[in-house]
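Worksheet for the structure shown next.
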Amino acid sequence: MSVRTLPLLFLNLGGEMLYILDQRLRAQNVPTDKARKVMNDLISTMFNKKFLEELFKPQELYSKKALRTVYDRLAHASIMRLNPASMDKLFDLMTMAFKYQVLLCPRPKDILLITFNHLDAIKNFVRDSPDIMNQVDETFRHIIEVYGCLPAGEFQLIRQTLLLFFQDMHIRVSIFLKDKVQNSNGRFVLPISGPVPWGTKVPGLIRMFNNKGEEVKRMEFKHGGQYVRAESEGSFELSGDRVLTLGTNMYSASRPVETRVSGALKNSSLNTKDNIAARTLAKEELNFLARLMGGMEIKKTSGPEPGFRLNLFTTDEEEEHAALTRPEELSYQVINIQAAQDQQRNEELTRIMGEFEIHDQPQQSTSKGGYSNRKLMPGGKEQSTAFPHLLPFPKPQIVHTHTKSLHGKDSDL
Amino acid sequence: MTFLLSTESSLGSHFGTSRTSAPDRSMYRRERPVPMRSCPAALYNNLSVLPLPAPGLTQFALVHGPTAQLLSAAPDGLPVSQRQLHTKDGAGPGFPLITQAYWCVLPFRVLLVLTSQRGIQIYESDGSVMVYWHALDSTDASPVQALFARGIAASGHYICVGTWSGRVLVFDVPAKGPNIVLSEELDVHQAPITDIAAEPAQGQDCVADVVTADDSGLLCVWKSGPEFKLLTRISGFGTPCPSVQLWQGSVAAGYGDGQIRIYEASSGALHVQINAHARGICALDLAPEAGKLLSGAEDSFVHIWKLSRNPHSGCIEVEHCHAECVTDTQVCGARFCDLRGSSFAVTGYDLAEILRYSCV
């Protein structure tokens, strides 16, 4: 509904994505210089001026599929590669984390503080690269300019728009389950204790007045929670104490993050009409993607710099298993990009997406015009010979056999 | 299949804990919830209830996003019928969203009104036939403004609907047939309308019978008629007022900072200020025969308050009756299911059932 939601959605999800990738890069012992290059390339692409210009244009939010396509491109704006299963998991984690933050956000305006927490962290990632720092700072200032003076009602509309986007997402994330912030049914725990939002009074008091405005009676009631006064308001300046911890990095190198993807029930909310829309990208979305990604400058890998594959799972087998067992309705994949009605738009989009190909790399999941069907192998066989990957289990043959046992026949590569 | 959802989930999350205050004059217990196919949108006032003539049957309406769901259920919770309504001109990736569904009880008929990002759809009460469509006027909109209609109430034979610009549209509804006419446009509010409330005019003295609220917290009190007359303005000082009710000449308003304030409608004098909730209030409802007020907020709590008029001062007084914690749920809709307030229903974001409570 609010046409100012997209920049906040994009930057916060992007921030979560960077937290997760940073953690995986460290967990997989990727050499520091490579890891830093990845982070710098990603952040530099995210904060590209032309790209952000498109993003900040007033527009409705697009579907999860459309947004996922953008992050897919973004994640591949570096020498790092992700298989579809890892990309799925990355997107699951990003969205559930931000959903949690939006839900627990004390005041609607505090969404800005969450955004600033992400931006503060992003600035820290690129503290050694002044040029990229500048890009981030400029965006920071732009956000303060655009959102700083919005009234509370507008922030609440933004929050409601975000919650609409996250509706019906109940993916269980192990780090959330362990920390008891998420229930086993995928819903988040909403605490009924702690500080009230800034500007809200602790519940429990009834004051009654006469026609002259004098207080005539005062009563207390048991409201059921255990709230206390808010100590201070977070800073909305370029730098300062945000007070709110939502939006700060919750991942550490040692905690592996699993997601359990629970499929919807048979009588899911998607009726036929929604389903058709969910499977194809509408014309508007194609236009949006074309504009947005036209502004996304993807650097081609320079020289002989070899790429590497990042795995969001602990092993190759886990990644493969996840790819095969992901419920159909939770597939983010852009399945029918060719089936879209507007042929011209489609061709233009295909062309733009083709421009993003880094031609040194062998065919991977990022083929022109769409993604390999998840039933196919994620290219494990080719990629091990093409470039050195740094995973502890470089045995694609095992993955091959795994499929065989599941399907009873050899999968066609 | 939706019952499966209940059994899979952790019991703690769905049965909710009843944390009643003591002394508790009204004890409410959980009844069987009504399962739904999908979860409600996190929008204000996202539940409307219509008791049906058939004994014990209640009809519920709520908004999911691009669709509105109507369900009727028996006291045992089993859904009797379901219907989904869509926005007119629904097309495109995020179909036009429906912002609210509300049953308008008029002297000779009951109509279901849906407000959306495109306009206003009015149906027969069971949602079977659309009798009227009004498209929103977007000529004055700037590109950064979200366009939508929101806030619905019936006053006599008028239906009032609010819009994003602050304009309130007043429709004149005939006793039967589709000949609904836009009778007036009220241009006082400058911020998007959040909610509208009305009550039957209380005799000759009490003239105020409609109150409109907006995102800046401004309340406008009106006298309805062929030409609506503005009686009072009550400022909210910037805090949105998502929900408002009118009872015996008093305005009860729920605010985004969790406060409930009760004003004398004709003068605007503040009579009661309640620090009621720890998060923004999303729904208020009234049981007029008992003077009970129901409030639901994003803090997971639903409270019931008893309003009464002090015989000496004539001022409104409030007592807290009941507190209900809907565990891990941000309440987005709450309604009494009868005029005496002996039962109520609650909807919440990410909750795929309508919770029901009734007095023991």
Check: Would segment B:255-274 turn up any residue that is open to solvent by 20 Å² or more (accessible area, probe 1.4 Å), outside any strand (DSSP E or B), more than 26 Å from B:P35 (Cβ to Cβ) and touching a Gly at 6+ places or on another chain (Cβ under 6 Å)?
Finding: yes
Checklist line | Whichever residue in segment B:281-298 is assigned to a loop (DSSP other than H, G, I, E, B) and open to solvent by 10 Å² or more (accessible area, probe 1.4 Å) and, among such residues, is nearest to the other protein chains (Cβ to nearest Cβ) | finding: B:E298
Margin query: Being in contact (Cβ under 8 Å) with a residue 24 or more places away in the chain, more than 13 Å from chain A (Cβ to nearest Cβ) and under 18 Å from the mean Cα position of the chain (by Cα) is the requirement here; does B:L97 meet it?
Written below: no
Next item on the list: Filter segment B:248-274 down to residues that are modelled with pLDDT of 95 or more and away from every other protein chain (no Cβ under 12 Å) and give me whichever is farthest from the chain's Cα centre (by Cα).
Entry: B:V251
Next item on the list: Kindly check whether there is at least one residue in segment B:74-88 that is in contact with a Cys (Cβ under 9 Å, 6 or more places away or on another chain), over 28 Å from A:S63 (Cα atoms) and open to solvent by less than 10 Å² (accessible area, probe 1.4 Å).
Entry: no
Check: Where in segment B:305-360 are the strands (runs of 3 or more DSSP E), entirely inside, with at least 3 residues that are on the phi < 0 side of the Ramachandran plot, hydroxyl-bearing (S, T, Y) and more than 14 Å from chain A (Cβ to nearest Cβ)?
Finding: none
Notebook entry, point to check: If A:V196 passes every condition in (1) open to solvent by 50 Å² or more (accessible area, probe 1.4 Å); (2) of a type outside the set (D, E, K, R); (3) modelled with pLDDT of 90 or more but one, which one does it miss?
Noted result: (1)
Next item on the list: Please go through segment A:129-149 and pick out each residue that is within 12 Å of chain B (Cβ to nearest Cβ) and open to solvent by 40 Å² or more (accessible area, probe 1.4 Å).
Entry: A:V146, A:C149
Next item on the list: Could you tell me which numbered condition B:V168 fails, if it satisfies all but one of (1) over 26 Å from B:L50 (Cβ atoms); (2) in contact (Cβ under 8 Å) with a residue 40 or more places away in the chain?
Entry: (1)
Item checked: Matching residues, segment B:223-254, being surrounded by fewer than 21 Cβ atoms within 10 Å (Cβ to Cβ) and in a strand (DSSP E or B) -> B:K223, B:K229, B:L230, B:L231, B:T232, B:R233
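The values are calculated or read from the model by the stated rules, or taken from the named source; none is laboratory data. Fair warning: this is a prediction, and the values are worked out from it, not measured in the lab. Note that we place each Cβ from the backbone using ideal geometry, even for glycine, and neighbour counts take in every protein chain shown. The area values use the complete protein model at the heavy-atom level, side chains included, leaving out ligands, DNA and RNA. Shrake-Rupley method; radii C 1.70, N 1.55, O 1.52, S 1.80 Å.
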